[in-house]
Amino acid sequence: MMRCRRATRWMVTALDGELPARRRRALDGHVARCPACRHEMATTAAVLQGVGGLATSSEVPGRLEQATFRRVRLLAAAEAERAATRAWWMRLRLPALGFATAVVATVAVGLMRGSGDRPLAPRPGDGGRRVVAQAPTKDKPPLVASRERGGPQATATVPAEPPPELAAAPELFVDLPLLRNMEKLEHFETIRTTTLDDGEEQSNG
Amino acid sequence: MATVHADEPAPESAERPREAPAESAPDAGSGFAAAAADPDVALMLRCQSGEEAAFQDLFRKFSPRVLQFARRFVGSEARAEEVTQDVFVQVFRFRHRYRPQSRFSTWLYTIATNLCLNEVRRPERHLRVDLWNRRDGEERPEGPPLPDPAAVTPEEGAAARQLGQRLEALVAELPPKQRAALLLSRVDGLAYRDVAEALGSTEGAVKALLFRATQTLKRGLRDYL
């Protein structure tokens, strides 16, 4: 059985036609039995009817209309100008991006060159690509020459002959610890050319 | 003094004629269907494509209602006109955000409500409201008095006019959100769903706002009931 408090809360919604049908029936049943709620319902209806009778519109002065249209025209003109500026800039965007990319790539290549790459061991089957690194001297920084484009990795083959400046001064490498201990590296060649696959073949074979 | 006979059964006319709640259509082609069904949506779509005449038609159709709505939130006629102008400038500026799935009036009143509530919250306005509080024998210190939109014709009598003025004053004293909910629902005829959308709230909250507003009005009109 509905209580008066709930009925009172539902009255505005019911009078606005927004109360679900089931609840509206329950409310109507309660109002029919309860004189206090019947009075409350009528009071609420009268108040809402009075509010509904308030003016919904008023005359708009001509100056308001003209002022609004003027502001909107200015706004539209500003939007059109921004759109034109943006279009001009967008036309240059792709070429500018390409130019920026080229600059970044050039700087990156320059930095990599300046870091002094060492000669890389040749890979089997990578014929034709070689990087020759000259040993740094007092006067010259290390150079990397003959690097072919397009290859992601630079491979190199060991030249058969040393560079002329080294051949003219063989005593440069006499004191290097590596050269002094070279005879200890008797298995160097084997270590250098052995792969994991070779090891499996030997164990299986 | 006009009285309202509370012992009579609730009149059928208390149920307001209201706009049907906006239908939300999920498919992409519903914009065209909505435009076909609602001429305001069609005007707004034309406005989005850059037609100045469509915007002007929308302004002429809705500005009287928006101006009346704004008047009930601000303290002066001049400021009400400024708010109205701001509303339609916002409509134009953000026209591309409008989606035809919702009713144009709902979207318009969302903008209007936000601007009016912002206006109420302005600290300068609190000072102006104090100036507007008329004391006995004092003239209004600034601007022309608000016209009395609830004033009835002379044929309807002074009592009814007094009731209307009292009601208008009580509505003006309501908290802003209650006032907005009541005006949108009862004066502008928006469905609860659309009122909730305009207020950025829920239907349940709208019902609560309306209940509290009505209770306040009933207490204020006790002498007339």
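Quick notes on this one:
- Where GluC sites (Glu not before Pro) fall in DSSP loop in the stretch A:13-100, at most 15 other Cβ within 10 Å: A:Glu59
- Mean sequence separation of contacting Cα pairs (under 8 Å, at least six apart), scaled by the length of the stretch B:152-225, corresponds to a relative contact order of 31 percent.
- Neighbour-count ranking [beta-carbon atoms within 10 angstrom, fewest first] of B:Ser49, B:Ser63: B:Ser49, B:Ser63
- Dipole magnitude of the stretch B:152-225 about its Cα centre (Cβ charges: Lys, Arg +1; Asp, Glu -1), debye to nearest 20: 360 debye
Bear in mind that the values in this text are calculations on the coordinates, not laboratory data. A quick note: this is a predicted structure, and the numbers were derived from the prediction, not measured. Don't worry about glycine lacking a Cβ; one is built from the backbone with ideal geometry, like all the others, and counts go over all protein chains shown.
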